[in-house]
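To start, the structure itself, in structure tokens.
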């Protein structure tokens, strides 16, 4: 059954998204694309994750995946039926699939991902009645802050590449 | 760029699917839904995986995910661009997403999954031009054998449940 309302007040949503942003900043520090996530159960954060693709050289180590795996460990079950996920960027197909498989009930994300997002951008896997599970979805929480983290990261990356090229040519 | 042809002869495809089936049987032995996968690079198997959801109590431990993670470790890169995946059952959204993210070039699966399959059954994430990667897909390799493994598993499971209920009532 698809849940039709949020478990949180506006303040709570804002707080948990700030926590996801704190995770994204850890990725930033490591030179990873800054995306962060937390899983919440009974208004407590039970797991955290941030993108680690380059550090691990593993295509599956997205913020949501790490947080979901750790949440399963925390509750000792693959069923996260009464859990909610907060993530700074719209989930991709892999992470949307993991959300459905783990039965997470509510998903809150910050910035949209027009290129790879599958929760509203060019498809919506979490609200598709053909799937065996659906999630309640809310978007746009601290959207600008979540988006700016990514914009700044890629701006810096381009700048660094430019400088490296310049140094090489001198 | 989407690859438009297979790297394998019919005999090779059959061989690698047999190897995926051998993985599925390991899951069966553990009482897990029998699904198995292998990742191939230059005609050699570089990783294997089978469904371990119940044993790990982790919703993300599908056969494909384990095989993809191990393949990334094997080639020390999140890019599996010249790799192929063989899996006994049509991949779900999570595994399809992981295939796209790791840039696996070719995907071969045995049985269709009308309920959760996202590679032809009710959507096709691997051949969707809106995604930043596409894969060459072939289906139906040892389809009956792959399907029978699942049918028998669920038949046995129902039988066991029936017997347990009977024993409880006596």
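Can residue B:98 be described as at pLDDT 95 or above, crowded, with 24+ Cβ neighbours inside 10 Å and away from chain A (no Cβ under 14 Å)? Working first, answer last.
Details: at pLDDT 95 or above: yes; crowded, with 24+ Cβ neighbours inside 10 Å: yes; away from chain A (no Cβ under 14 Å): no.
No, not satisfied.
Among the residues in segment B:158-168, are any more than 14 Å from chain A (Cβ to nearest Cβ) and either surrounded by 18 or more Cβ atoms within 10 Å (Cβ to Cβ) or within 25 Å of residue B:14 (Cα to Cα) (or both)? The answer is no, given that none of the residues of segment B:158-168 is more than 14 Å from chain A (Cβ to nearest Cβ) and either surrounded by 18 or more Cβ atoms within 10 Å (Cβ to Cβ) or within 25 Å of residue B:14 (Cα to Cα) (or both).
Selection within segment B:101-123: residues that are within 11 Å of chain A (Cβ to nearest Cβ) and surrounded by 24 or more Cβ atoms within 10 Å (Cβ to Cβ). The member of this set that is nearest to residue A:92 (Cα to Cα) is B:101.
For segment A:124-135, taking the residues that are in contact with a helix residue (DSSP H, G or I) (Cβ under 9 Å, 6 or more places away or on another chain) and touching a residue at least 24 places away in the same chain (Cβ under 8 Å), the one that is surrounded by the most Cβ atoms within 10 Å (Cβ to Cβ) is identified as A:125. Within segment A:80-93, not a single residue is surrounded by fewer than 24 Cβ atoms within 10 Å (Cβ to Cβ), out of contact with any strand residue (DSSP E or B) (no Cβ under 6 Å at 6 or more places or on another chain) and free of Cβ contacts under 8 Å to residues at least 12 places away in the same chain.
Restricting to segment A:121-170, name every residue that is over 25 Å from residue A:101 (Cβ atoms), in contact with a strand residue (DSSP E or B) (Cβ under 6 Å, 6 or more places away or on another chain) and in a loop (DSSP other than H, G, I, E, B).
Just the residues of segment A:121-170 that are over 25 Å from residue A:101 (Cβ atoms), to begin with: A:140, A:142-145, A:147-170.
Still in the running and in contact with a strand residue (DSSP E or B) (Cβ under 6 Å, 6 or more places away or on another chain): A:142-143, A:147.
Hit for segment A:121-170 is A:142, nothing else.
The values are calculated or read from the model by the stated rules, or taken from the named source; none is laboratory data. Just so it is clear, the structure is predicted and the values come from calculations on it, not from any experiment. Note that we place each Cβ from the backbone using ideal geometry, even for glycine, and neighbour counts take in every protein chain shown.
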